[in-house]
Amino acid sequence: MQGVHSNLKNIYTSKPTSNVHVSPHQTDLRFLANMDSSRGQNGIQSLLAAEQEAQQIVNAARNAKLARLKQAKEEAEREVAEFRAQMEADFQRKLTETSGDSGANVKRLEKETDAKIQHLKTEAERISSDVVEMLLKHVTTVRC
């Protein structure tokens, strides 16, 4: 095919001289070469147009993707802000629950502490005689 194409070009581009006879076959070949060249130019133009259209489609898709990413980022930031506000509200509520009645907490802790101290005193009185007896036994016993 390459050879035929180059032959067509050579026939088309060669200038006929007055002493050279051009056959009808050569005239047809020149016409075909001219059509082939015209088709090539049209093909190049259509390829360029298709390339530009493809570039526009790619740019539109890129812009749409960037817009979606921006929207997703804004939604995520909004959700994070809502979550942070909710967590802060929960923290403040718990803080007021535990420290709001600190006087009551102090009184409750004092009562619990007094009760534990009293329990330890009663246990110490109950077992003190046993402890003293055990200590005296160990101190007075001689081992050999």
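May I ask you to verify whether Glu79 is modelled with pLDDT of 95 or more and surrounded by 10 or more Cβ atoms within 10 Å (Cβ to Cβ)?
Numbers: modelled with pLDDT of 95 or more: yes; surrounded by 10 or more Cβ atoms within 10 Å (Cβ to Cβ): yes.
Yes; evaluated as a whole, the condition is true for this residue.
Among the residues of the range 82-114, those that are hydrophobic (A, V, I, L, M, F, W, C) and surrounded by 10 or more Cβ atoms within 10 Å (Cβ to Cβ) comprise Phe83, Ala85, Met87, Ala89, Phe91, Leu95, Val106, Leu109.
Among the residues of the range 19-27, is any over 24 Å from the mean Cα position of the chain (by Cα), open to solvent by less than 60 Å² (accessible area, probe 1.4 Å), on the phi < 0 side of the Ramachandran plot and modelled with pLDDT under 95?
Keep residues of the range 19-27 that are over 24 Å from the mean Cα position of the chain (by Cα), which gives 19-27.
Within this subset, residues satisfying the condition of being open to solvent by less than 60 Å² (accessible area, probe 1.4 Å) are 22-23.
Remaining after also requiring on the phi < 0 side of the Ramachandran plot: 22-23.
Pick out the ones that are also modelled with pLDDT under 95 and you get 22-23.
Yes, the conditions are met somewhere in the range 19-27.
Scoring Ile11 on the criteria (1) open to solvent by 80 Å² or more (accessible area, probe 1.4 Å); (2) modelled with pLDDT under 95 leaves a single failure, condition (1).
The values are calculated or read from the model by the stated rules, or taken from the named source; none is laboratory data. This one's a predicted model, so the numbers in the text were calculated from it and none came from an experiment. Heads up, the Cβs are rebuilt from the backbone with ideal geometry, glycines too, and the neighbour counts pull from every protein chain shown. Accessible surface areas use protein heavy atoms only, side chains included; no ligands, DNA or RNA. Shrake-Rupley method; radii C 1.70, N 1.55, O 1.52, S 1.80 Å.
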